[in-house]
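The values are calculated or read from the model by the stated rules, or taken from the named source; none is laboratory data. Please read all numbers here as calculations on a predicted model, not as lab measurements. Quick reminder, even Gly has a Cβ in these numbers, built from the backbone with ideal geometry, and neighbours come from all protein chains shown. SASA here: full protein model, heavy atoms, side chains in, ligands and nucleic acids out. Shrake-Rupley method; radii C 1.70, N 1.55, O 1.52, S 1.80 Å.
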Amino acid sequence: MGIKINYIIVLDNSEQYIVLKEAMYYGKKYFLAMMLDANRKVIASKVVILEEYVSGFDIYVSKVIDKDLIAVLTRMFKAQM
């Protein structure tokens, strides 16, 4: 089924994020997400871009750290608004 907008993702380090937007770039799916606190309230200052990896039936995400890629994806997400 995959990750969708408004899904809550829990990373290995127990950080929780809510997915706000998604975009495809060169055949890969990326998500704009905001961190949630322990009460599941959005922390507006904690925004990340996550890259999706699919392995068989399993879906994984990792934080995008490449500054050039972040710049391109940020422009894509802003264009969706």
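For residue 10 and residue 81, compute 0.36 nm times the residue count separating them, minus their Cα-Cα distance, and round to one decimal in nm.
Length gained between residue 10 and residue 81: 23.0 nm.
Using 0.36 nm per residue, how much length does the chain from residue 68 to residue 45 gain when fully extended, once their Cα-Cα distance is taken away?
Stretched out fully, the residue 68 to residue 45 stretch lengthens by 6.2 nm.
Kindly write out, for the range 43-54 in residue order, the coupling ³J(HN,Hα) from the Karplus curve 6.51 cos²θ - 1.76 cosθ + 1.60 (θ = phi - 60°), rounded to whole Hz, with x marking Gly and Pro.
Residue by residue, the range 43-54 yields 9, 4, 7, 10, 10, 9, 10, 10, 9, 8, 10, 10 Hz.
Can you check what the net charge comes to around residue 6, using other residues whose Cβ is under 14 Å from the Cβ of residue 6 (Lys, Arg +1; Asp, Glu -1)?
Result for the neighbourhood of residue 6: +2.
So what is the accessible area of the chain per residue, in Å², with the probe set to 1.4 Å?
Accessible area per residue: 71 Å².
Over all directions, what mean area does the Cα convex hull of the chain project, stated in square nanometres?
Projected over every direction and averaged, the Cα hull of the chain covers 5.8 nm².
Counting helices only, and only those DSSP H runs with n ≥ 4, report the 222 nm mean residue ellipticity of the chain as the sum of -39,500 (n - 2.57) divided by its residues, in deg cm²/dmol to the nearest 500.
It lands at -5000 deg cm²/dmol.
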